[in-house]
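Trainee: Here you go, one structure.
The values are calculated or read from the model by the stated rules, or taken from the named source; none is laboratory data. This structure is a prediction, so every number in the text was calculated from the model and none was measured. Quick reminder, even Gly has a Cβ in these numbers, built from the backbone with ideal geometry, and neighbours come from all protein chains shown.
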Ligand SMILES: Nc1ncnc2c1ncn2[C@@H]1O[C@H](COP(=O)(O)OP(=O)(O)OP(=O)(O)O)[C@@H](O)[C@H]1O
Ligand SMILES: [Mg+2]
């Protein structure tokens, strides 16, 4: 089986002003198609930095990233933009919804940019919003939705172009337990039934138990991993987190 994601010896050092910040140090990882990986680590441990690099939104200081066998560094800006649009679904820590568009329009946006044949684009957008429990908020604009609702719109939007790899940065950070669990189940289903690869940054050990593997980051390094062994093992995840990354 060819890995969908291969990261080798990744380093990221930020040089803004004073002291350089080593946000990532020698991170290597391999993720198989259809695998669901949760990434945990304290605030500032480099989780968002890692996702941004994997999504081609920023360049590493050194090291390489290959997605579906293609080295991101060898793509032109245009190739990278197209690749990101067609193969990746990104859920940002800040939802990045466009304030002037309705929920449905925000979800449809990626497919409109992509200019995919009409198909049943709108039907798919509605279906995705219904999946995240927002079938009744199609025409609401972001400022008329709660944080959790905006987060769910962002998740639906990330799925619109049918991505092979989904990168999500704390997608349940603003959700109550019920909606958070719905999102975890959705992500698990996308990976286990639709063979999509899912990487999710989270602080929630309960949520992480839905993943096939949990990776722990500390000070920019992968310090360990765990097979959570299924739902209901949140205390196992929490204990390991405290040992390794807390
Ligand atoms: N643009 C930047 N310039 C300088 N330093 C940065 C920049 N972005 C992040 N950092 C620093 O890099 C480190 C890792 O940041 P990152 O955002 O990846 O953390 P994180 O694990 O996502 O944290 P959180 O859980 O709070 O979201 C932090 O120490 C942060 O201050
Ligand atoms: Mg972050």
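Trainee: Please verify whether residue 108 is more than 16 Å from ligand 1 (Cβ to nearest atom) and under 24 Å from residue 148 (Cα atoms), treating the condition exactly as stated.
Mentor: So residue 108 passes the test.
Trainee: Let me ask something else about it. Inspect all residues belonging to segment 200-209 and state whether any of them is away from ligand 1 (no atom under 16 Å from the Cβ) and assigned to a helix (DSSP H, G or I).
Mentor: There is at least one residue in segment 200-209 that is away from ligand 1 (no atom under 16 Å from the Cβ) and assigned to a helix (DSSP H, G or I).
Trainee: Determine the pairs where a residue that is on the phi > 0 side of the Ramachandran plot, located within segment 10-35, has a partner that is modelled with pLDDT of 95 or more and within 15 Å of ligand 1 (Cβ to nearest atom) with Cβ atoms under 7 Å apart, the partner being 6 or more residues away or on another chain.
Mentor: Hits for this filter: 26/11; 26/221.
Trainee: Output the residue which, of all residues in segment 78-95 that are in contact with a strand residue (DSSP E or B) (Cβ under 9 Å, 6 or more places away or on another chain) and either in a helix (DSSP H, G or I) or more than 16 Å from ligand 2 (Cβ to nearest atom) (or both), is farthest from residue 106 (Cα to Cα).
Mentor: The selected residue is 79.
Trainee: For segment 67-80, check the following and say yes or no: at least one residue is within 21 Å of residue 187 (Cβ to Cβ) and either touching a helix residue (DSSP H, G or I) at 6+ places or on another chain (Cβ under 7 Å) or surrounded by 19 or more Cβ atoms within 10 Å (Cβ to Cβ) (or both).
Mentor: Yes - at least one qualifying residue is present in segment 67-80.
Trainee: In addition: Can you pull out the residues in segment 113-142 that are exposed (fewer than 13 other Cβ atoms within 10 Å of the Cβ), in a helix (DSSP H, G or I) and in contact with a helix residue (DSSP H, G or I) (Cβ under 9 Å, 6 or more places away or on another chain)?
Mentor: Within segment 113-142, just 113 meets the criteria.
Trainee: Condition first: under 25 Å from residue 173 (Cα atoms), over 15 Å from the mean Cα position of the chain (by Cα) and within 12 Å of ligand 1 (Cβ to nearest atom). Now tell me which residues in segment 23-40 satisfy that.
Mentor: 23, 24, 27
Trainee: Of the numbered conditions (1) touching a strand residue (DSSP E or B) at 6+ places or on another chain (Cβ under 6 Å); (2) closer than 20 Å to residue 92 by Cβ; (3) surrounded by fewer than 17 Cβ atoms within 10 Å (Cβ to Cβ), residue 224 fails exactly one; give the number of that condition.
Mentor: (2)
Trainee: Another question about this same structure. Checking the conditions here, which among 72, 53 is within 13 Å of ligand 2 (Cβ to nearest atom), more than 30 Å from residue 143 (Cβ to Cβ) and touching a strand residue (DSSP E or B) at 6+ places or on another chain (Cβ under 7 Å)?
Mentor: None of the other options fit; the residue is 53.
Trainee: Among (1) within 16 Å of ligand 1 (Cβ to nearest atom); (2) under 13 Å from the mean Cα position of the chain (by Cα); (3) closer than 21 Å to residue 215 by Cα, where does residue 89 come up short?
Mentor: Only one criterion in (1) within 16 Å of ligand 1 (Cβ to nearest atom); (2) under 13 Å from the mean Cα position of the chain (by Cα); (3) closer than 21 Å to residue 215 by Cα is unmet by residue 89, namely (1).
Trainee: Still on this structure, please answer the following. Can you give me the number of residues within segment 232-246 that are outside any helix (DSSP H, G or I) and within 17 Å of residue 212 (Cα to Cα)?
Mentor: So the count comes out to 2.
Trainee: Let me ask you something else. Could you check segment 172-199 and list, in sequence order, the residues that are within 16 Å of ligand 2 (Cβ to nearest atom) and touching a helix residue (DSSP H, G or I) at 6+ places or on another chain (Cβ under 6 Å)?
Mentor: 172, 174
Trainee: Taking segment 99-112, which residues are over 14 Å from residue 137 (Cα atoms), assigned to a helix (DSSP H, G or I) and out of contact with any helix residue (DSSP H, G or I) (no Cβ under 7 Å at 6 or more places or on another chain)?
Mentor: If the condition is that a residue be over 14 Å from residue 137 (Cα atoms), assigned to a helix (DSSP H, G or I) and out of contact with any helix residue (DSSP H, G or I) (no Cβ under 7 Å at 6 or more places or on another chain), then 112 is the only one that fits.
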